[in-house]
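Here, each number is a calculation from the coordinates, and none is a lab measurement. This one's a predicted model, so the numbers in the text were calculated from it and none came from an experiment. Ideal geometry is used to build each Cβ from the backbone, glycine not excepted, and the neighbour counts take in all protein chains shown.
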Amino acid sequence: MEPPVILGIESSCDDTAAAVVAGGALRSNVVASQRVHAGFGGVVPELASRAHQRLIVPVVEEALAEAGCTRADLTAVAVTYGPGLAGSLLVGLSFAKAFAFGLGRPLIGVNHLEGHLYSVFIEGPRPPRPYLCLVVSGGHTQLMLVEDGLRHTLLGKTRDDAAGEAFDKVAKLLGLGYPGGPVIDRLAQTGDPAFRAFPRTRLDGYDFSFSGLKTSVLYYLNRFDEAGRAALLERHRADIAAAFQQAVVDVLVEAVRRAVADTGVRHVAITGGVSANSGLRAAAEAAAAQDGFTLYVPPLAYCMDNAAMIAVAGHIKWEAGRTSPLTLTAEPALALS
Amino acid sequence: MTLQREEDAARDRTSAVFSRPRETASEAETQAVGAELAPRLSPGDVVALYGDLGAGKTQLVKGICAALGVDPTLVSSPTFTIVQEYTGRTGPLYHIDAYRIADPAEFFELGYEEYFYGEGLCFVEWPERVEALLPPHTLRLRLTHAGGDRRRIEPMAPPR
């Protein structure tokens with residue numbers, strides 16, 4: 001049998017993306033980012049579903065061209081159907097349904113979080129199942145157990161802010177630019193993580209909370225008047241960044257180590273945009289060496305929102321015979337189970 | 001109803017929903033204030049929550065949603081996702097965060113009327129970013145840091 005050629009489409013938030021995976025190997029990966037980084041401490045997303053509408057056809061055409069294939073070569077069309085913004089999801093999903101129907105090929109609905117879980121299968125060493133997956137990004141902070149047969153168990157998730165969001169908001173408090181993750185990471189490398197002990201919130205089970213940490217940075221800065229704060233930041237901005245980052249990293253890595261000990265699973269993937277954080281990587285590698293588990297971190301391009309992970313998840317679902325009816329609807333609040 | 005009348009009505013509704021300022025000293029207490037507000041809100045209401053980083057906006061929404069039958073662990077900050085939808089006893093609940101929205105036009109493009117003029121109950125964090133799009137019947141609450149771990153929650157008049 002010919003190896004399956006899967007087109008993946010992703011439009012759950014800011015980016016319109018398409019990718020082609022043939023026989024499980026990535027052939028193309030196109031992302032049209034609608035983001036414009038501005039100097040006011042946040043993304044300026046042209047969040048319009050109208051922008052997705054404008055971009056979806058050229059992005060898919062480019063993904064097919066780069067992969068060196070035509071529509072007729074496609075085995076199935078995989079698409080994100082949730083969670084995300086209703087209007088944005090609908091553009092990708094409606095396009096995928098029409099495209100699959102027109103070609104007479106099956107549709108495969110993919111949960112955006114499934115994409116993050118399987119992003120570790122795009123390139124490089126792939127973990128055997130079962131494995132633990134920590135998904136850390138601007139929108140998500142979840143620890144999952146991934147087993148054979150597309151079985152996913154949620155072990156814990158954030159009860160308030162996502163880890164990436166905490167980075168962005170603390171970067172803003174420190175007068176740093178956007179996005180906050182890379183800026184704090186860079187600064188933290190020259191700072192002293194022991195400068196100040198910000199609180200590590202440890203909850204029952206594997207749940208996370210980063211809201212209290214963000215607030216404690218704010219309260220710490222608020223102890224000073226305007227001039228005092230400016231002087232403090234001038235002298236200790238890197239130290240505060242390092243202390244904050246250390247608190248986030250400690251909380252994440254502690255949960256992973258506990259999950260490894262509790263489940264006996266020796267393979268751990270860290271995915272999502274925050275997995276690029278050098279402090280997190282170093283701490284996770286140290287924990288892996290000490291506790292004897294194997295760590296998998298995909299290249300950054302597959303950690304940001306992308307369609308390669310949707311196509312790969314689609315490939316895995318296709319092999320398991322999990323196609324979706326054309327009546328599939330967008331589910332903005334879709335959970336992963 | 002004229003715009004002026006609608007705004008007056010919104011002010012009266014705000015007083016009915018939230019007549020006196022509250023002070024809270026923990027996340028749990030902020031959530032308890034939310035639980036107290038919940039039965040006074042109806043589908044179609046838009047609740048705008050003004051307040052700085054860490055002022056307790058998400059915790060207040062968590063308290064309201066939990067009292068309306070939503071699993072509180074599902075309620076988290078929608079900063080990145082912009083809109084999170086939950087299903088409560090009274091119908092859909094839209095938890096909106098305009099922090100990342102630079103221009104109200106972006107929220108317009110997002111199909112804001114589906115949320116603000118729909119069947120659901122809306123909560124809006126960072127509403128100042130979409131002020132021009134908030135409907136006249138918007139209920140406004142302000143959350144402020146009140147020293148130490150304390151936060152103050154009070155009704156607020158529409159900005160002029």
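In this structure, the amide hydrogen of B:A146, modeled 1.01 Å from its nitrogen in the peptide plane, lies closer than 5 angstrom to those of B:R151, B:R152, counting only residues at least 5 positions away or on a different chain.
In terms of its alpha-carbon gyration tensor, the stretch A:128-297 comes out prolate; a/c meets the 1.5 threshold, and the first ratio a/b outweighs b/c. The GluC sites (Glu not before Pro) found in the stretch B:94-125 that occupy coil by DSSP, while having at most 15 further C-beta atoms within 10 Å, are B:E119. For chain A, the longest piece that avoids every one of the chymotrypsin sites (Phe, Trp or Tyr not before Pro) found in DSSP loops with at most 14 other C-beta atoms within 10 Å covers A:41-223.
Computed 3J(HN,Hα) for the stretch B:2-12, one whole-Hz value per residue from the Karplus formula 6.51 cos²θ - 1.76 cosθ + 1.60 where θ = phi - 60°, is 6, 4, 4, 4, 5, 5, 4, 4, 5, 5, 4, glycine and proline marked x.
By its C-alpha gyration tensor, with a ≥ b ≥ c as the square roots of the eigenvalues, how is the protein assembly as shown shaped: rounded for a/c under 1.5, else prolate for a/b larger than b/c, else oblate? Verdict is oblate for the protein assembly as shown. Applied to the stretch A:323-336, the Karplus parametrisation 6.51 cos²θ - 1.76 cosθ + 1.60 on θ = phi - 60° returns per-residue 3J(HN,Hα) values of 9, 10, x, 6, 8, 3, 10, 5, 10, x, 9, 3, 9, 10 Hz, with x for Gly and Pro. Taking every residue in A:320-333 and counting other chain Cβ atoms within 10 Å of its Cβ, the average works out to 1.
In a DSSP loop and with at most 10 other Cβ atoms within 10 Å, the trypsin sites (Lys or Arg not before Pro) in the stretch B:47-113 are B:R89. With a 10 Å cut-off around each Cβ of B:137-150, the average count of Cβ atoms from other chains is 1. With a 10 Å cut-off around each Cβ of B:78-91, the average count of Cβ atoms from other chains is 5. Taking amide H as placed 1.01 Å from N in the peptide plane, A:H267 has its amide H under 5 Å from the amide H of A:L132, A:T294, each at least 5 places away in sequence or on another chain. The local environment of B:L3, defined by Cβ-Cβ distances under 14 Å, has a net charge of 0 under the rule Lys, Arg +1 and Asp, Glu -1. Rounded to 0.05, the FRET efficiency of the A:A194 and A:D148 pair, given R0 = 45 Å and the Cβ-Cβ distance, is 0.55. Phi angles of the stretch A:313-321 translate, via the Karplus equation with coefficients 6.51, -1.76, 1.60 and θ = phi - 60°, into HN-Hα couplings of 4, x, 4, 5, 5, 4, 4, 8, x Hz per residue; Gly and Pro are given as x. Residues whose amide H comes within less than 5 Å of that of A:L334, counting only those at least five positions distant or on another chain, are A:G84 (H built at 1.01 Å from N in the peptide plane). Under 24 Å of direct C-alpha separation, and excluding same-chain neighbours fewer than eight residues apart, A:K214 reaches these lysines: A:K157, A:K169, A:K172, B:K57, B:K62.
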